[in-house]
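Asker: Take this structure, written in structure tokens, and hold onto it; I'll ask about it next.
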Amino acid sequence: MNYTDLVNTAVETGYLLVSNGGEIYRAEESMQRIFRAYGVNNGEVFAIPNLIEVTVRTPDGKPITQIKRVPQRTTNLDRVEQVNALCRHICSDRPRLSEIRAELNRIGERPTLSFPMQTLAYAMAAAAFTLFYGGSPQDAVVALFCGAAIRLTIHFLERFQVNSFFVNMAASFVAAAIALTAANFDVALSYDKIIIGALMNLVPGIAITNFMRDIIAGDLFAGILRLTESVLVATAIALGAGIALTGTRMFLGV
């Protein structure tokens, strides 16, 4: 058994789970199961949303430690499901580590939706939520543009590696500004419902769910970190929309 390869494989598995929106307990349990599948019962795993640390001891007592930082996280439940399926395959069949790493590479490179499709999804989600919150069909049409503008803003700022706090604030500002400007030309529009519907694209619903699941599972540190992240995202959304509301009222009198 090449214990270094085993540790590296387990860490890459945990990294894919955490970086794509998986819960902390899911990542830790998956890594532990990989160790046990290959007869290693002394593996120690510690994971938080932006760091994974793993240590095992070889039969002669030598510790092997791997630390991997998780600089960015997104939500891709398709990859999470694929890694879960791979872990079940590992536990039942114990394939060679080289095969596991090849499969992990394949999962990590699985294509996501194209940018035009993502933009369309943002627009449709904004329109749907606007209707859900009581907006009119005219409000939903404006929300389509607001949702698309959110995705365009995120895409533009991410190219320059802007901090996610300012990305969310800028996207919120752009969506609210478009809604308020449209309402200035058509008083029948309910800009509040348009803004709320569009900003639902930015609400960290998965992060909020995961921090509760982490806390319930006993991962208090990870849960608190996710809670803090969710609060920061909500603050950025509120600041962006608030600036747009204040500025647009000053200049357009909406």
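The values are calculated or read from the model by the stated rules, or taken from the named source; none is laboratory data. Remember, predicted model here, so these are calculated numbers, not experimental data. Here the Cβ is made from the backbone with ideal geometry for all residues, glycine too, and neighbour counts use every protein chain on show. We work out accessible area using only protein heavy atoms, side chains counted, and drop any ligands, DNA or RNA first. Shrake-Rupley method; radii C 1.70, N 1.55, O 1.52, S 1.80 Å.
Asker: In the stretch 1-27, which residues are modelled with pLDDT of 90 or more, within 22 Å of residue 62 (Cα to Cα) and of a type outside the set (Val, Ile, Thr)?
Answerer: 3, 5, 6, 8, 10, 12
Asker: Collect the residues in the stretch 166-189 that are open to solvent by 50 Å² or more (accessible area, probe 1.4 Å), in a helix (DSSP H, G or I), more than 19 Å from residue 71 (Cβ to Cβ) and not hydroxyl-bearing (Ser, Thr, Tyr), keeping them in residue-number order. Working first, answer last.
Answerer: First, the residues of the stretch 166-189 that are open to solvent by 50 Å² or more (accessible area, probe 1.4 Å): 166, 173, 178, 181, 184-188.
Next, only the ones that are in a helix (DSSP H, G or I) stay: 166, 173, 178, 181, 184-185.
Still in the running and more than 19 Å from residue 71 (Cβ to Cβ): 173, 178, 181, 184-185.
173, 178, 184, 185 - these are the residues of the stretch 166-189 that are open to solvent by 50 Å² or more (accessible area, probe 1.4 Å), in a helix (DSSP H, G or I), more than 19 Å from residue 71 (Cβ to Cβ) and not hydroxyl-bearing (Ser, Thr, Tyr).
Residue-by-condition table, conditions (1) open to solvent by 20 Å² or more (accessible area, probe 1.4 Å); (2) aromatic (Phe, Trp, Tyr); (3) closer than 24 Å to residue 75 by Cβ:
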| site | (1), (2), (3) |
| --- | --- |
| 14 | no, no, yes |
| 18 | no, no, yes |
| 23 | no, no, yes |
| 45 | yes, no, yes |
| 50 | yes, no, yes |
| 55 | yes, no, no |
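Asker: Let me ask something else about it. Among the listed residues 104, 131, 97, 86, identify the single one that is open to solvent by 70 Å² or more (accessible area, probe 1.4 Å) and hydrophobic (A, V, I, L, M, F, W, C).
Answerer: Details: 104 fails: open to solvent by 70 Å² or more (accessible area, probe 1.4 Å); 97 fails: open to solvent by 70 Å² or more (accessible area, probe 1.4 Å); 86 fails: open to solvent by 70 Å² or more (accessible area, probe 1.4 Å).
Checking each option against the conditions leaves just 131.
Asker: Of all residues in the stretch 191-226, how many are in a helix (DSSP H, G or I) and within 29 Å of residue 142 (Cβ to Cβ)? Please lay out each step first, then the result.
Answerer: So the first thing to find is which residues in the stretch 191-226 are in a helix (DSSP H, G or I), and the list is 191-199, 205-216, 220-226.
The next check asks that each one be within 29 Å of residue 142 (Cβ to Cβ); those that pass are 191-199, 205-208.
Residues that pass the stated criteria total 13.
Asker: Out of 83, 70, 56, I need the residue that is more than 29 Å from residue 204 (Cβ to Cβ) and touching a Leu at 6+ places or on another chain (Cβ under 9 Å). Which one?
Answerer: Values: 83 fails: more than 29 Å from residue 204 (Cβ to Cβ); 70 fails: more than 29 Å from residue 204 (Cβ to Cβ).
Testing whether each residue is more than 29 Å from residue 204 (Cβ to Cβ) and touching a Leu at 6+ places or on another chain (Cβ under 9 Å) leaves just 56.
Asker: Hey, another quick one. Here is a list: 148, 175. Which entry is at pLDDT 95 or above and farther than 17 Å from residue 235 by Cβ? Explain how you work it out, then say what you get.
Answerer: Working: 175 fails: farther than 17 Å from residue 235 by Cβ.
So the residue among 148, 175 that is at pLDDT 95 or above and farther than 17 Å from residue 235 by Cβ is 148.
Asker: Also, I was wondering about something else. Could you figure out which of (1) among the polar types (S, T, N, Q); (2) closer than 16 Å to residue 241 by Cα; (3) open to solvent by 50 Å² or more (accessible area, probe 1.4 Å) isn't true of residue 163?
Answerer: So residue 163 meets the others, but not (2).
Asker: In addition: Residue check: is residue 237 within 30 Å of residue 25 (Cα to Cα) and touching a residue at least 60 places away in the same chain (Cβ under 8 Å)?
Answerer: Values: within 30 Å of residue 25 (Cα to Cα): yes; touching a residue at least 60 places away in the same chain (Cβ under 8 Å): yes.
Yes.
Asker: Filter the stretch 66-83 for residues that are assigned to a loop (DSSP other than H, G, I, E, B) and either among the hydrophobic types (A, V, I, L, M, F, W, C) or open to solvent by 70 Å² or more (accessible area, probe 1.4 Å) (or both) and give the result.
Answerer: Initially, the stretch 66-83 is screened for residues assigned to a loop (DSSP other than H, G, I, E, B), giving 70-76.
Result: 70, 71, 72, 73, 74, 75.
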